[in-house]
1. Could you go through region 253-276 and let me know if any residue there is open to solvent by less than 50 Å² (accessible area, probe 1.4 Å), at pLDDT 95 or above, among the β-branched types (Val, Ile, Thr) and in a strand (DSSP E or B).
2. When you go through LYS281, LYS202 one by one, which is the residue that is touching a His at 6+ places or on another chain (Cβ under 8 Å) and charged (D, E, K, R)?
3. For region 343-401, what are the residues that are modelled with pLDDT of 95 or more and among the aromatic types (Phe, Trp, Tyr)?
4. Within region 179-196, restricting attention to residues that are in contact with a Pro (Cβ under 8 Å, 6 or more places away or on another chain) and farther than 10 Å from LEU128 by Cα, which residue is surrounded by the most Cβ atoms within 10 Å (Cβ to Cβ)?
5. Give the residue, chosen from LEU128, LEU66, that is farther than 24 Å from HIS552 by Cβ and in contact with a Phe, Trp or Tyr (Cβ under 6 Å, 6 or more places away or on another chain).
6. Output the number of the condition that LEU160 fails; it satisfies all remaining conditions of (1) at pLDDT 95 or above; (2) open to solvent by less than 10 Å² (accessible area, probe 1.4 Å); (3) not in a loop (DSSP other than H, G, I, E, B).
7. Quick one: PHE112 ticks every box in (1) open to solvent by less than 10 Å² (accessible area, probe 1.4 Å); (2) closer than 24 Å to MET251 by Cα; (3) not in a loop (DSSP other than H, G, I, E, B) bar one, so which box is it?
8. What are the pairs, 6+ residues apart or on separate chains, where a residue within region 1-26 that is of a type in the set (Phe, Trp, Tyr) has its Cβ under 8 Å from a residue that is assigned to a loop (DSSP other than H, G, I, E, B) and open to solvent by 70 Å² or more (accessible area, probe 1.4 Å)?
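The values are calculated or read from the model by the stated rules, or taken from the named source; none is laboratory data. All of these numbers come straight from a predicted model, not from anything done at the bench. Positions of Cβ are backbone-derived with ideal geometry, glycine not excepted, and every protein chain shown enters the neighbour counts. In case anyone asks, the SASA skips ligands and DNA or RNA and just uses the protein heavy atoms, side chains included. Shrake-Rupley method; radii C 1.70, N 1.55, O 1.52, S 1.80 Å.
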Amino acid sequence: MERHGAAVRRIAATVRGYFERAVPFRISHGSTNSTRPSRLKARARVVDIGELRDVLAVDTRRRVALVEPNVPMDRLVESTLRHGLVPPVVMEFPGITAGGGFAGTAGESSSFRHGYFDQCVNAVEMVLPDGEVVVAKPGRSGGVNASASAASQQQQQQALVNTLLGAGEDPDKYADLFHGAAGAVGTLGITTLLELRLIEAKRFVKTTYRRTSSVAEAIAAVREECAKPGNDYADGILFSEGHGVVVSGTMTDELPASASPRTFSRPWDPWFYMHAQSLTKDLPSSSSTSSGQSSPSSSSSVTEYIPLAEYLFRYDRGGFWVGRAAFDYFRPVPFTRFFRWLLDDFLHTRMLYRALHASGESARFFVQDLGLPYASAEAFVKYTADNLGIWPLWLCPLKTPRGPSFHPHVRPAADSATKTGSETETEPETEMLNIGVWGWGPSDKAAFVRANRALEAKVAGLGGMKWLYAHTYYSEPEFWAAVGSHGREAYEVLREKYRATSLPSVYDKVKVSPEDEDAAARGWKPAVKALWPVGGLYGIWRGIRSKDYLLHRRGEWKWQGGDGKGEGKEKTA
């Protein structure tokens with residue numbers, strides 16, 4: 001903690017100096033999972049927090065960990081699993097950091113039960129824009145599970161007073177800052193330490209793949225799996241309108257004698273989405289009813305046992321399915337198992353993000369997550385199929401906060417035709433479905449912008465909200481309408497209260513300006529990178545220079561036991 005304290009004092013002194021001179025600054029932490037153009041970088045001074053990258057403590061009695069903001073998910077999981085614990089929400093890309101999960105939006109396949117990543121944080125240490133260091137907590141009501149018993153709620157409230165970080169401090173003192181900073185992309189201060197809640201870990205995830213044959217059936221099946229108390233994880237993949245798979249998982253220490261662990265981290269292992277598609281393509285559809293009482297028959301599902309960390313990071317290789325786009329770009333390199341093995345170092349998410357940014361291809365690639373109410377999710381999938389033609393699509397159920405919020409949250413739909421009266425009345429206020437839309441957009445820049453604007457309008461009309469890590473073309477009124485009623489007023493009050501008005505606002509940071517994009521495209525470098533395959537090769541070179549591929553090679557979370565099914569044959573080419 002002495003090293004951490006000294007680092008925070010240096011950061012606070014730097015911030016204080018900028019504040020006194022009214023100089024805006026940006027935060028440098030060494031990596032990003034955003035696909036937005038970084039148009040503010042050249043206009044602001046830098047506060048470097050790169051040294052804050054350690055897990056400082058894991059308290060097994062309290063089941064909490066003290067985590068610095070630049071700790072990536074794979075290092076965090078490695079640290080907590082040594083103690084038989086795991087965070088309730090683990091972002092499925094190993095390189096996403098704890099600080100990024102709090103300051104941005106992070107919802108994964110356990111979020112139907114635990115909410116977004118920041119809802120698993122007990123306390124956060126922050127350097128305010130004037131250099132003051134404070135500890136913010138979610139407040140006595142904000143950090144308590146409302147569905148728990150009265151005795152349990154009282155225990156949770158007491159735990160928020162006796163946190164490891166900020167022990168004894170009033171949980172309500174900075175509760176407004178805690179909730180305002182979650183998802184506010186660092187515009188209210190710099191996160192320097194988090195106290196993260198942990199849960200008991202098990203060795204494996206008993207994973208069931210459930211076949212569906214229509215979009216409506218897949219959406220209903222996701223809700224059914226979320227309603228089952230034994231499920232710890234749930235998500236889905238739509239490969240087409242007629243083939244979907246809903247994946248549910250339950251942590252367990254038991255491995256049947258007839259089963260072998262299935263792995264996805266080795267170069268010869270299958271990519272998870274291809275494996276799920278291959279397992280289910282010949283299965284009959286599961287039965288599904290609106291009552292949510294039916295269970296899929298054994299003939300329509302397949303069950304495997306996946307080591308816990310292998311499950312948490314199952315989408316790393318191939319970046320869900322975005323890695324396939326690299327083969328599209330470098331055609332005629334064939335998308336075969338041999339070349340996926342040969343090029344494995346370049347096909348993990350850290351390397352893919354490096355290449356996507358450096359190559360300039362992010363300017364024409366859709367990487368969008370959209371949160372939709374369940375009642376309008378089917379209409380949105382139809383829209384993407386008709387207008388974008390992007391498959392597969394990811395389905396991730398979420399328990400969301402009530403608005404206003406910078407996180408996707410349920411709000412009234414402008415397009416009331418997508419709901420019946422009964423659906424409008426009974427739609428849960430905190431449940432929605434995230435739909436991941438990732439694939440090539442129009443190559444013409446103007447058409448790409450139009451497609452994004454149309455997507456934003458459709459999502460708003462269906463009562464949804466996009467995640468702010470990606471290209472965002474909202475006008476300012478549209479942006480604040482998405483955040484929610486009175487959201488702007490509440491945010492501006494916090495900016496004044498915590499002296500953050502000299503910093504860029506959330507809208508300033510997330511919007512994409514066509515003028516800025518035009519300026520970034522000028523000059524010889526962008527022109528040269530636009531020539532195939534120069535941009536792609538430059539992206540690969542930048543990835544090699546970063547040495548990020550070594551992080552996966554050396555990862556301690558990968559399954560070390562024998563008899564892994566990943567050593568067997570893959571059914572797809």
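1. Scanning region 253-276 turns up no residue that is open to solvent by less than 50 Å² (accessible area, probe 1.4 Å), at pLDDT 95 or above, among the β-branched types (Val, Ile, Thr) and in a strand (DSSP E or B).
2. On inspection, the qualifying residue turns out to be LYS281.
3. Scanning region 343-401 gives PHE346, TYR374, PHE380, TYR383, TRP391, TRP394.
4. If we take residues in region 179-196 being in contact with a Pro (Cβ under 8 Å, 6 or more places away or on another chain) and farther than 10 Å from LEU128 by Cα, then LEU196 is surrounded by the most Cβ atoms within 10 Å (Cβ to Cβ).
5. From the options LEU128, LEU66, the qualifying one is LEU128.
6. (1)
7. Every listed condition holds for PHE112 apart from (1).
8. Filtered contacts from region 1-26: PHE19/ARG499.
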